[in-house]
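Structure first, then comments.
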Amino acid sequence: MSAGGATPRRALLVCNAKARNGGFSLDAVRDILRQGGIEPVEASGDCTDVITAHASGVDLVILGGGDGTMNAAAAALVQTGLPLGILPLGTANDLARSLGIPLDPLAAARLITTAEARPVDLGWVNGHYYFNVASIGFSAELAGELTAESKKTWGVLGYAVAAVRVLRRVRPFTVTIEHDGQVEKVTTIQASVGNGRHYGGGMTVEEGATVDDGKLDFYSLEVAHWWRLLALLPALRRGTHGRAQDVRAFKTTEVRLATRKPRPVNTDGELTTYTPAHFKVVPKVLRIFAPEPEARPGRFLPI
């Protein structure tokens, strides 16, 4: 029995040992959860299989890991309808940042015991769900370059190290964009379709984007030279790049991208499918324990 005599909620607790901080001791986390009326049920293995196998015996799922871990579990969470608690143990933890979840795992555990499970949107591309952003071009090449070892060694700096290597070989390509009754053919080095707010270890999809606005934020970097990407970096971090003349940006709920040859699509840091790619937003399909929406980044913008 929990404090106050109430029957404790049961939480499936799954941690990705390969995450950057996957070796974090869970002893204090277990204590915090139990003090907050949650009894952890621990399991390991493939996220989809584990969540599906335990769904009938638990009230929520708590995942320890980074954005890749959350991405891997998305389909099973949607299928079972179980709410998600996040222990940020990854490199960038962009979803946690977007939701205003503390990056300290112990503070995040306390939040799970007190916060409401709030509805969020998911992005969807060719049958794959994603939380943060999906991209083709430079970002997908970067995802292919990053290794678990480099992220564990360098942390967020690993993104910058890999980006320098990828920049030397990045080349523009042609993509056909179909959305809202329009068809455009453009030359770009990256096309991204964001669902959340943050991605890529500190980049911002769009300055006003949130994970529950029912919209996708598209942008295409139609730059003539790779060095222009460096000049855009401050705007990419703030989410104001859509104002630049060589960046195409718009909001939508559905978009299709086609390329002459199939190109890999990066979803939350993992290469999961190829073009042609059909993207859409799935509104409020999942619940996550998080601070109230008004406290999230981007909810109120400076005037």
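Which log10 I(q)/I(0) values, to two decimals, does the range 47-147 give at q = 0.17, 0.21, 0.24 Å⁻¹ under the Debye formula with one point per Cα? The computed values of log10 I(q)/I(0) come out as -0.83, -1.21, -1.45.
Residues whose amide H lies under 5 Å from that of Thr273, counting only those 5 or more places away or on a different chain, are Val265; hydrogens are built 1.01 Å from N in the peptide plane. Applied to the range 61-70, the Karplus parametrisation 6.51 cos²θ - 1.76 cosθ + 1.60 on θ = phi - 60° returns per-residue 3J(HN,Hα) values of 10, 10, 10, x, x, x, 5, x, 5, 5 Hz, with x for Gly and Pro.
Protection proxy ranking of 99-109, 246-256, by the mean of other Cβ atoms within 10 Å over each peptide's residues and highest first, is 99-109, 246-256.
Sort the range 40-95 into rounded, prolate or oblate with this rule: let a ≥ b ≥ c be the square roots of the eigenvalues of the Cα gyration tensor; rounded if a/c is under 1.5, and if a/c is not under 1.5, prolate when a/b is larger than b/c, oblate otherwise.
Because a/c hits 1.5 or more and a/b exceeds b/c, the range 40-95 counts as prolate.
Here each label is just a point 7 Å from Cα along the line to Cβ, and for Arg30 and Glu178 those points are 5.4 nm apart.
Amide H to amide H distances under 5 Å link Ile62 with Leu12, Leu13, Val14, Gly85, where only residues 5 or more positions off or on other chains count and H is placed in the peptide plane.
None of the figures in this text is laboratory data; all of them are computed from the coordinates on show. Bear in mind the structure is a predicted one, so any value in this text is a computation, not a measurement. Every residue, glycine as well, gets a Cβ built from its backbone with ideal geometry; the counts of neighbours run over all protein chains shown.
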